[in-house]
Amino acid sequence: MSETLIEIDDLKKVFYTDEVETHALAGVHLTIRRGEYVAMSGPSGCGKSTLLSILGLLDTPTGGRYLLNEKPVENLSFGERSRIRNQEIGFIFQSFNLIGDLSVEENVELPLTYRAGMPSAERKKRVKEALERVNMGHRMRHYPAQLSGGQQQRVAVARALAGSPSILLADEPTGNLDSKNGEAVMHLLADLHKEGSTICMVTHDSRFARQAQREVHLFDGKVVSETELKKLTEEQEG
Amino acid sequence: MLKDLRYAVRQLRKSPGFTLTVILTLALGIGANTAIFTLVQSILLRSLPVVNPAQLYRIGDNDDCCVNGGFPGGATDTGDMTIFSYDLYKHLRASAPEFEPMAAVQAGIWDWSLRRGNEQAKSVKGEFVSGNLFQALGIRPFAGRLFTDSDDRTGAAPALVMSYKTWQGEYASDPSIVGSTIYLQTKPFTVIGVTPPGFFGDRVTDSPPDVWMPLHTEPYVRGDISILHQHNLHWLYLLGRVRPGTSIPALQARVSAAMRQWMMTEPTLTANGGAGLIPKMHVVLTPAGGGIQNLQQQTGKGLKLLMMLSLLVLLITCANIANLMLVRTTTRRAEIAVRVALGAGRRWIIRQILTESVLLSLVGGAMGLVVAFAGSQMILALAFPDARNLPISASPSLPVLGFAFLVSLLTGVLFGLGPAWLSSHAQPAEALRGVNRATHDRSALPQKVLVVLQAALSVVLLAGAVMTTRSLMNLEKQNFGVVTADRYVLHFDPAGAGYTQENFQSLYREIEQRFSALPGMEHVGLATYSPLEGDNWGECVIQQGHPAPRPGDDCFSTWDRVSTGFLDSIGVPIVQGRNFNEQDVTGAPQVVVVNQAFVKRFFPKGNPIGQHFGIDDVKYSGAFEIVGVFRDFKMNDLRGEVHPVYLRPLRQMFTGYTDANDISAESSSMNVNAILLEFNRPQANVDTLARRTLQGINPNLTVRDLRSFGSQVAGNFDQERLIARLSALFGVLALLLASVGLYGVMSYLVAQRTSEIGIRMALGATRTNVVRLVMAGALAQLAVGLAIGIPAAWLAGRLMAEQLYNVSAADPVALVSATAALTLCAALAGFLPARRAASVDPMQALRTE
C-alpha cells in the first residue's frame, strides 16, 4: 500500500452572505495516496471547486481536519500556505490562467521565481525540462496569445510540473478545449500519472473521470457513492 | 529584482495612456515641490562657499539694518543688540580673542558709482568690510590678493576687491583689472584682487556686493558725512570664526558683558535714563555658516508656507495616482490571483506593485526636474524681479537632485503602498472560480477615501489660494495716499558723480529746470528717499517745552528732505497751512510740513501750525516750525497704520547743531537720491528721456534705477505676489487633480455596476433615476470631503494669518468660493459618468453579466 498524501476528515466549508448560510462542504472525508489519480465529479454547485480550493490551500475550511504529507494545514498563515502551494502543489486551471504579459518560458518559470534561493540556472533547467515534457519546448519565446487553447493548457501543465509538486490539482482541465485538444491534455495527464505523479482532477465529464484510477462523487457538499449519486440526481430531477 | 523591474517596464509600456498620465501628474507634483525646495535650499539651507562654515558665528540674530543711533531697533524692548558701531566693534574684537578673527561688515549693501578711466560710470553694489573678513571666511583670491589688516588702517592705500561675477560681467574678465586704478565715488582705488567664482559675500541677498572696500576707506569715500568714527551710530554686523572647543554660551555671555561695559562709557547711551537699560543689553551668538540671515528671516515664513502648499499638492497627486493604481490593480486581479495561487507570497506581490509605482515615480521625478527648473526660473523672476547677480540658480544642485530623488522614492512608496497592500490580499481562490464571481471589491472603499482626501485637501489649497490672492489685492488696492499714474521715480547718485555740499544746490536747481522743461512734465520733485522705496530715515522728535524722551519712548518719526515740488509730484495735498516755497532757504526760519499722523501723535490738541519741535537734544526742540500739514500717505510700512512723517525743505540746512554727529547727519541729508517725475499724460520713452536729460547735466551722473512709481509701490509686494500666484497655481492644480480623481472613480464604479444598472433599468428605473443614483454617490464623497476640508481650511487660514492682510482666517469669501469651485467641478466630474450610466442598454448589460 502506497503512503497517504492527503487526508481530510469531516471537512466543512460554509459561506456566509448577509443572512444566508451556504454549506458548500458538509463533512467531507477523503484520502488520496501518493501516486494516485483521483477524479472528482458531481453536478454544478456540489462543492467540487470548493473542495479543490481547499485541497490546493487556496481557501481555508470552516471546520474539519486536513493533513497534507501528514501535517495539518487547515490553520496555516497566509505566508505558510503560499510556501506550501508553491512547493507541494501544481495547479492546472480550466481557463489556463497564463499571464499574457509573460512569455511561455516566463510563465513556466513564474512559480520558481517565488522560491527563495533557487539559482537562475536551476530554474531555466527545470523550465526547459517541463516544457519539453509537454512538447512545448519549441515555443518558449512565444506569448500565450500566440498559442492555441490546447497549447496554452500544455504550457499550464508544464508550469504545474516545473516545481516538482507532490500533487497536481486540475480544475476542469478540458473545460475550455475542443474535444481533440481535450483528449490530448487527458493523455498528457495519464502519462504523468504513469510516471508517478499524483493527480486530483475535477471534471463533470464522465468519460474523462473514468480515465482516473478512482472516482470521487460529490453531492450537496458530501462524498457519495456512484449509486447514491445516481439516486440523488434522479430524485432531484424527478 | 531585475525581473520585477523588467516586468514593471513591460506592464507600463502596455498601458501608455495610464503611464503618461501618471508620469505627467507626478512631474507636476514632484516638480512643484522641487522648485520650491530649490529656493528653500538656496536661501534657507545653503552654507556660504567658505572653508568650514560651521565654525562661523555672528554676533546678533536679527536685521536692524542699516544705520541706527542710540539703542538700535527693538533693542530697548528686548535688550538684543545686533548692529554695532565701529568703536564698539573694536572693543568687542579686543575682548573676545576666541574669534579667530572677528570681522565686521556693513549692515547695508549700498549703491556706489564706479568708473574706470574714461569709461561711463557704473552703478554697483559695494560693502565696507574689515580687513580680516576674507581671512575669517577662509577664502582665497581668484586673481591678485584679498584684504589683510594692513589694508584696513589709517594711511593705507585705498584698495578694492572685486567679485568674480562683476569682473566677468562688467569688465569682460579683463586680467589687467588687478592693479589698475578704479574710481569709487570719484575717489581712486587700486583693485587688488578678484574673489573666487561662486563667492557672493557674507549673506544670501538679491543684490550681492560687486566690490568690497576696507572700513578705513569709508571716510575717504564719504568725506564729511562719514560714520566710521561716530561712536553712537551702529552700522556694522559682526561675525567671525570661533576657535574650536569654545563654549558658545560662555562666549556669548563674555561678549555681552564687554558690550555693556563699553555702553556704560557712552554718554549718548547713559543719558535720559539709558543707563537703566544697559544691564539688560546682550548679544545672541548665532551660527553664521549660512551667512547673515536677513533674507532668510524675511522670506523664511513665506517659503515654509509655499513648501507646505506644494506638499499638499504632492499629497493630492499621490492620492490621485493611488486611485489610478487601485483601478488598474483591480483590472489585474485575475493575474494577481494566479500569482498568489502559484505561491507568490504577500512580499512578492507588494514588491512587484511597489516596483511599478517607484519606477513611475522615478521617471515622473526625472521629468519633474525639468518642471522644477522652469518653475524655479519663474519663481526667481517673481521673487527677485530686480536682482542683479542673484546668487541663486534655478539649475538643480546636488542637494536638490537628492531631494527630488527622495521625494520621488517616497511618493512612489506612498501611492503604491495602498494598491500593493490590497493586491497582496488577493484571494487565490479567484484563480479557480474567476474574478467575475467575486462579490466583494476591496478597492472601492479606499478609492472613495482617496477621493474624499483629495476633495478635502483641494478645499484647503483653494481657500488658501483665495485668501493669499485677496490679501495681495487688499495690499495692492489699499489707499496708499499717493497717486502713481503717469509718475516715475529715478534714483541717482550726485556724490558718485563728484558733487559735494558746495554744489548740491546748483545741481538740484538744474535738475528741476531741465526736467520741468521736458514735454508733458507736470511736476518734478526731489527727495532723499522716495515713498515706498524700502528705505527711510527716522529720528526721535522732541516737542518744544517737553522733557527729553527716555530710551524706549515712542518718539520716532520718519523724515525726509524734499524739494518744493515733492508733494505735488506724488499727488499729496496740503490740508492745513502751506507747502514749502522758494523762500524756505538756509538763513530763513527753519520750517517743516508734517503729516496728519504726526499731528495726531505729537500735537493732538490745538492748531499744529506754528508749533515747534526738534530732534536729538532738548536744546534743539525749538528748531523747526510747522508751517503745513499734508494728507497722510504711506512712506514705508504698507501693512501698518501711517506713521508720523515730517518733511524738511531741500534748500534749508539747519546750522544750529553743535555736535559733530548732528552736523554730519544734517549734511548727509542734503544728498538727494530720488527724482520724482509727474507727466500730464502717459509716456512711452521715459527711460531714454530721463537718462538723456540727466547725462545732459553731467555725463558722470549715473541712473541707478528708473521705474514707474506704480512699479516701485508694487515692488513692495513681490513676496506676497509670489505666494498668491503660486498658491493660486497650486489651488487650480489641486482642483484639476481632485476632479480627475473623482471622475476616474465614478467612471470605474459605473463600469463595475453596469449589470446592476442594467437590472435596475430592466426593472423600470428611468435615466433620471440612474443619473441621480450615480450623482448621489459622487456628491456624497464630495460632501464628506467638504466636511473635513472646510475646518481644515479654517485651521490653515489661522496658520497663514501672519501672511495675510485684512483677510480673516475664516474668510467667508475664500471658504465659499473654494466650496463652490470644488462642487462645480465635482458635479461635472460626476455627471459625465452618470450620463454614461444612464445610456446603458439594459439588454446588453444583462447579456454581459
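Just tell me, in residue order, which DSSP H segments of chain B are both 15 angstrom or longer along the helix axis (alpha-carbon based) and at least 0.5 in mean Kyte-Doolittle hydropathy.
Those that pass (Cα extent of 15 Å or more, hydropathy at least 0.5) are B:16-40, B:294-331, B:346-383, B:398-424, B:444-477, B:718-752, B:767-800, B:812-838.
Could you put A:His23, B:His234 in order, starting from the residue whose Cβ has the fewest other Cβ atoms within 10 Å? Show your work: numbers first, answer last.
Working: A:His23 15, B:His234 28.
The fewest-first ordering by Cβ neighbours comes to A:His23, B:His234.
Take the alpha carbon gyration tensor of the stretch A:45-127, find the square roots of its eigenvalues, order them as a ≥ b ≥ c, and report rounded if a/c is under 1.5; if not, report prolate when a/b exceeds b/c, else oblate.
Numbers: a/c = 2.90, a/b = 1.54, b/c = 1.88.
Note, shape of the stretch A:45-127 comes out oblate.
To two decimal places, what compactness ratio does the stretch B:53-210 give when its Cα radius of gyration is scaled by 2.2 N^0.38 Å? Write out the running numbers ahead of the final one.
Details: Rg = 16.6 Å, N = 158, 2.2 N^0.38 = 15.1 Å.
Cα Rg divided by the expected 2.2 N^0.38 Å: 1.10.
Once you have the Kirkwood Rh of the stretch B:716-849 from its Cα pairs, apply Stokes-Einstein at 4 °C and 1.567 mPa s and quote D in µm²/s.
Numbers: Rh = 17.0 Å.
It comes out at roughly 76 µm²/s.
Over all pairs of distinct alpha carbons, what does the Kirkwood formula give as the hydrodynamic radius of the stretch A:104-238, in Å?
16.5 Å
Compute the Cα gyration tensor for chain B, then decide on rounded, prolate or oblate, letting a ≥ b ≥ c be the square roots of its eigenvalues: rounded whenever a/c is under 1.5, prolate when a/b is larger than b/c in the other cases, and oblate in all that remain.
Here chain B falls in the prolate category.
Would you work out the relative contact order for chain A, in percent, from Cα pairs under 8 angstrom that are 6 or more residues apart?
Rounded, it is 29 percent for chain A.
Rounded to the nearest 20 Debye, what is the dipole magnitude of chain B about its Cα centre when Lys and Arg each give +1 and Asp and Glu each give -1 at the C-beta?
Dipole of chain B, to the nearest 20 debye: 4720 debye.
In the protein assembly as shown, if the dipole is taken from +1 on Lys/Arg beta carbons and -1 on Asp/Glu beta carbons about the Cα centre, which of B:Ser15, A:Gly47, B:Leu133 is farthest to the positive end?
Sorting the options by dipole projection puts first A:Gly47.
What relative contact order, as a whole-number percentage, does the stretch B:1-159 give when Cα pairs under 8 Å and 6 or more residues apart are counted?
Across the stretch B:1-159, relative contact order equals 14 percent.
Mean residue ellipticity at 222 nm from the helices of chain B, using -39,500 (n - 2.57) per DSSP H segment of n ≥ 4 over the full residue count, to the nearest 500 deg cm²/dmol?
Helix-only estimate at 222 nm: -15500 deg cm²/dmol.
Would you be so kind as to identify which of B:Asn806, B:Ala94, B:Met467 lies farthest towards the positive end of the dipole of chain B, taking Lys and Arg as +1 and Asp and Glu as -1 on Cβ and the Cα centre as origin?
Looking along the dipole axis, the top candidate is B:Met467.
Give me the tail of P(r) for the protein assembly as shown as a percent: Cα-Cα pairs with distance above 38 Å. Don't jump to the answer; show the numbers that get you there.
On the way: 376235 of 590241 pairs.
When all Cα pairs of the protein assembly as shown are counted, 64 percent exceed 38 Å.
Once every Cα of the stretch B:507-665 carries one equal point scatterer and solvent is ignored, give the base-10 log of I(q)/I(0) from the Debye formula at q = 0.13, 0.18, 0.21 Å⁻¹, two decimals.
-0.61, -1.18, -1.57
Give me log10 I(q)/I(0) at q = 0.12, 0.15, 0.19 Å⁻¹ for the stretch B:617-727, Debye formula, one equal scatterer per alpha-carbon, no solvent.
Taken in order of the listed q values, log10 I(q)/I(0) reads -0.74, -1.05, -1.24.
Let me check against my output: what whole-number percent is the relative contact order of the stretch B:692-849, with C-alpha pairs under 8 Å and at least 6 apart?
Once normalised by length, the contact order is 39 percent.
If you check each cysteine of chain B for another cysteine whose beta-carbon is under 4.7 Å away, which ones come up empty?
Result for chain B is B:Cys318, B:Cys825, no neighbouring Cys Cβ within the cutoff.
Rounded, prolate or oblate: which fits the stretch A:1-103, taking a ≥ b ≥ c as square roots of the Cα gyration tensor eigenvalues, rounded meaning a/c under 1.5, else prolate when a/b beats b/c? Intermediate values should be presented prior to the final figure.
Details: a/c = 1.39, a/b = 1.08, b/c = 1.29.
Rounded, since a/c falls under 1.5.
What are the aspartates and glutamates whose alpha-carbon lies under 12 Å from the alpha-carbon of A:Lys194, with same-chain residues fewer than 8 places away excluded?
Cα-Cα hits under 12 Å: A:Glu36.
Give me the dipole magnitude in Debye, nearest 20, for the stretch B:692-842 about the Cα centre, with unit charges on the beta carbon: positive for Lys and Arg, negative for Asp and Glu.
340 debye
Please go through the residue pairs A:Lys71/A:Lys125; A:Lys128/A:Lys180; A:Lys128/B:Lys3 and name each one whose alpha carbons sit more than 22 Å apart in this structure.
Over 22 Å apart, Cα to Cα: A:Lys71/A:Lys125; A:Lys128/A:Lys180.
Students often forget the sequence filter, so: which aspartates and glutamates lie under 12 Å Cα-Cα from B:Lys14 once same-chain residues fewer than 8 apart are removed?
A:Asp101
Tell me what chain A gives for mean residue ellipticity at 222 nm when only DSSP H runs of n ≥ 4 count, each as -39,500 (n - 2.57), the sum divided by the residue total, rounded to 500 deg cm²/dmol. Each step should come with its number before you reach the end.
Values: 8 runs with 90 residues, N = 238.
It comes out at -11500 deg cm²/dmol, rounded to the nearest 500.
In debye to the nearest 20, how big a dipole does the protein assembly as shown give about its Cα centre with +1 on each Lys and Arg Cβ and -1 on each Asp and Glu Cβ? Walk me through the numbers on the way to the answer.
Details: 100 positive and 97 negative charges, 587 e Å.
That gives a dipole near 2820 debye.
Any lysines with Cα under 20 Å of the B:Lys634 Cα? List them, leaving off those in the same chain fewer than 8 positions away.
Output for B:Lys634: B:Lys477, B:Lys600.
With unit charges on the beta carbon (Lys/Arg positive, Asp/Glu negative), name the residue among B:Val338, B:Ala322, B:Leu359 whose Cα is farthest towards the positive pole of the charge dipole of the stretch B:235-375.
Farthest towards the positive end: B:Val338.
Show me the three semi-axes of the equivalent ellipsoid for the stretch B:251-353, from the C-alpha gyration tensor (sqrt of 5 times each eigenvalue), largest first, rounded to whole Å.
Working through the eigenvalues yields semi-axes of 67, 17, 9 Å.
At 1.306 mPa s and 10 °C, plugging the Kirkwood radius over alpha-carbon pairs of the stretch A:5-53 into Stokes-Einstein gives what diffusion coefficient in µm²/s?
131 µm²/s
Where a number appears in this text, it was derived from the coordinates with a stated rule and is not lab data. Quick caveat, the model's predicted, so the values are computed rather than measured. Reconstructed Cβ throughout: ideal geometry from the backbone, glycine too, with neighbour counts over all protein chains shown.
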